[in-house]
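Colleague: Encoded as structure tokens, here's the structure I'll be asking about.
The values are calculated or read from the model by the stated rules, or taken from the named source; none is laboratory data. Worth saying up front: this structure is predicted, and the values here are computed from it rather than measured. Glycine gets a Cβ as well: all are built from the backbone with ideal geometry, and neighbour counts include every protein chain shown.
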Amino acid sequence: MDFKEMARSNLKIGIICYPTFGGSGVIATELGTALANNGHKVHFITSSQPVKLNVFEKNIFFHEVVLNSYPLFQHQPFEVALTSKIVEVVKYEKLDLLHVHYAIPHASAAYLAKQILKEQGIHIPYITTLHGTDITLVGKEPEFEPTISFAINQSDIVTSVSQSLKKDTYKHFNVSKDIKVVPNFVCVSKFRKDQDNCKKALFAPEGEKILMHISNFRKVKRIQDVIKIHSIVSKTISTRLILIGDGPERSSMERLAREEGVEESTYFLGKIKETEKALCLADVYLMTSATESFGVSALEAMASGVPVISSNTGGIPEVNSHDETGFLSNVGDVEDMAENLTKLLTDAKLYARLSLNAYKRAQQFNISNVLPVYEGLYNELLSKL
């Protein structure tokens, strides 16, 4: 699809996403904010306020999905509550369309809301954007397949964030709907390194090289590989490792750092809202995931001019190019990753070339290029009514 597509008109758009630190929630929030800046009225419908959403900006509205507790239910019926809230917001705010991020439960709730509203004479089309784990992890559970396939097929337009994810969707689900690839994006201007305000000396007082990884600390991220790479390389190069985020694997990763003898040079900083302030510290970014539909955090690092050492799985090669913006290795091959990292940190000319290329590559994914694509899809959707 041509990135320079379609005229704009002021629309009322409902965005349904997860409000957490994960990639899909951040992308949905950034997209909504950019749409609001372009004059559209954007209504976020989520279980809590998205972590990166500023509700004090013009044209942004937030509607919380409230779950009441009833002894009858062992698990509160979020999808029912979400559907009801969608119906309410569409009806009273007179929305033009919905953009749902994640197949379950958002796309299925949007479909049900659409049918309820249809009975009331209101037609609300919706776009479903597939982000990754809804297809590659959660979606592979057999009990979810019929619902996910149905929700995707009933969407008016379906997009995925990478060619790899599109391929996986067709492979694992009974999907006949055309899937358009619209890549994730980054606001490049937010990630320009501000060395005057960068606190690098706090972590590397002797000029040590700083390695960085950002994730939700789930097993699929293979953070053990990040720590082992740091352990290997630190034997010959003075390095520090900064790990940002939190999740189920944090305790075991702290234990692994102690076992590897790198606990003094490894910093667990927890969740940080403004990752751009952290990425200015990094010399190299590490992404060792077992599967990754795109790799938003790697793209953010590249926007900061930081080369990426990564696995070659899923959609990562669509972002990180071997020997151009960083290096790619097979999943779990920590020796190769450590070798590539050593080469990068000991060759100033190589580092400078990859750093510049990483920044240039990130510019191709700048939000100013991707936003018109979504606006074009919205107009295409409404032109069919």
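Colleague: In the stretch 288-297, what residues are closer than 21 Å to Thr159 by Cα and either touching a Ser or Thr at 6+ places or on another chain (Cβ under 8 Å) or at pLDDT 95 or above (or both)?
Modeller: Thr291, Glu292, Ser293, Phe294, Gly295, Ser297
Residue by residue, here is whether (1) of a type outside the set (Ser, Thr, Tyr); (2) at pLDDT 95 or above holds:
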position: Cys280; (1), (2): yes, no
position: Leu286; (1), (2): yes, yes
position: Val308; (1), (2): yes, yes
position: Gly314; (1), (2): yes, no
position: Glu335; (1), (2): yes, yes
position: Asn340; (1), (2): yes, yes
position: Ser355; (1), (2): no, yes
position: Lys360; (1), (2): yes, yes
position: Gln363; (1), (2): yes, yes
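Colleague: Could you tell me whether Ala34 is under 20 Å from Ile148 (Cβ atoms), in contact with a helix residue (DSSP H, G or I) (Cβ under 8 Å, 6 or more places away or on another chain) and not in a loop (DSSP other than H, G, I, E, B)?
Modeller: No; evaluated as a whole, the condition is false for this residue.
Colleague: Taking the criterion of being closer than 18 Å to Ile229 by Cα, among the hydrophobic types (A, V, I, L, M, F, W, C), more than 16 Å from the chain's Cα centre (by Cα) and surrounded by 20 or more Cβ atoms within 10 Å (Cβ to Cβ), would at least one residue in the stretch 308-317 satisfy it?
Modeller: Yes, there is a match, as at least one residue in the stretch 308-317 is closer than 18 Å to Ile229 by Cα, among the hydrophobic types (A, V, I, L, M, F, W, C), more than 16 Å from the chain's Cα centre (by Cα) and surrounded by 20 or more Cβ atoms within 10 Å (Cβ to Cβ).
Colleague: What are the residues in the stretch 336-385 that are part of a helix (DSSP H, G or I), touching a residue at least 12 places away in the same chain (Cβ under 8 Å) and under 14 Å from Ser304 (Cα atoms), if any?
Modeller: Within the stretch 336-385, Tyr351, Leu354, Ser355, Leu356, Asn357, Ala358, Tyr359, Arg361, Ala362, Gln363 meet the criteria.
Colleague: Kindly list the number of the only condition in (1) in contact (Cβ under 8 Å) with a residue 60 or more places away in the chain; (2) surrounded by fewer than 21 Cβ atoms within 10 Å (Cβ to Cβ) that fails for Asp178.
Modeller: (1)
Colleague: Still on this structure, please answer the following. Residues in the stretch 141-150: is at least one farther than 17 Å from Tyr102 by Cα, within 24 Å of the chain's Cα centre (by Cα) and touching a residue at least 24 places away in the same chain (Cβ under 8 Å)?
Modeller: no
Colleague: Out of the residues in the stretch 90-104 that are assigned to a helix (DSSP H, G or I) and surrounded by fewer than 21 Cβ atoms within 10 Å (Cβ to Cβ), state the one that is modelled with the lowest pLDDT.
Modeller: Ile104
Colleague: Right, something else. Out of the residues in the stretch 54-67 that are of a type in the set (Val, Ile, Thr) and surrounded by fewer than 17 Cβ atoms within 10 Å (Cβ to Cβ), state the one that is nearest to Ser24 (Cα to Cα).
Modeller: Val55
Colleague: May I ask you to say which residue of Val87, Val42, Val51, Val80 is touching a Leu at 6+ places or on another chain (Cβ under 7 Å), surrounded by fewer than 22 Cβ atoms within 10 Å (Cβ to Cβ) and either part of a loop (DSSP other than H, G, I, E, B) or of a type outside the set (Lys, Arg) (or both)?
Modeller: Answer to the selection: Val87.
Colleague: Can you pull out every residue in the stretch 85-113 that is of a type outside the set (A, V, I, L, M), in contact with a helix residue (DSSP H, G or I) (Cβ under 8 Å, 6 or more places away or on another chain) and either free of Cβ contacts under 8 Å to residues at least 40 places away in the same chain or under 17 Å from Leu35 (Cβ atoms) (or both)?
Modeller: Lys91, Asp96, His99, His101, Pro105
Colleague: Name the one entry in Glu260, Glu292 that is charged (D, E, K, R), buried (at least 23 other Cβ atoms within 10 Å of the Cβ) and touching a strand residue (DSSP E or B) at 6+ places or on another chain (Cβ under 9 Å).
Modeller: The conditions single out Glu292.
Colleague: Using beta carbons and a limit of 6 Å, which pairs, at least six apart or on different chains, have the first residue in the stretch 37-48 and under 14 Å from Val66 (Cβ atoms) and the second one small (Gly, Ala, Ser)?
Modeller: Note: pairs meeting the criteria are Ile45/Gly14.
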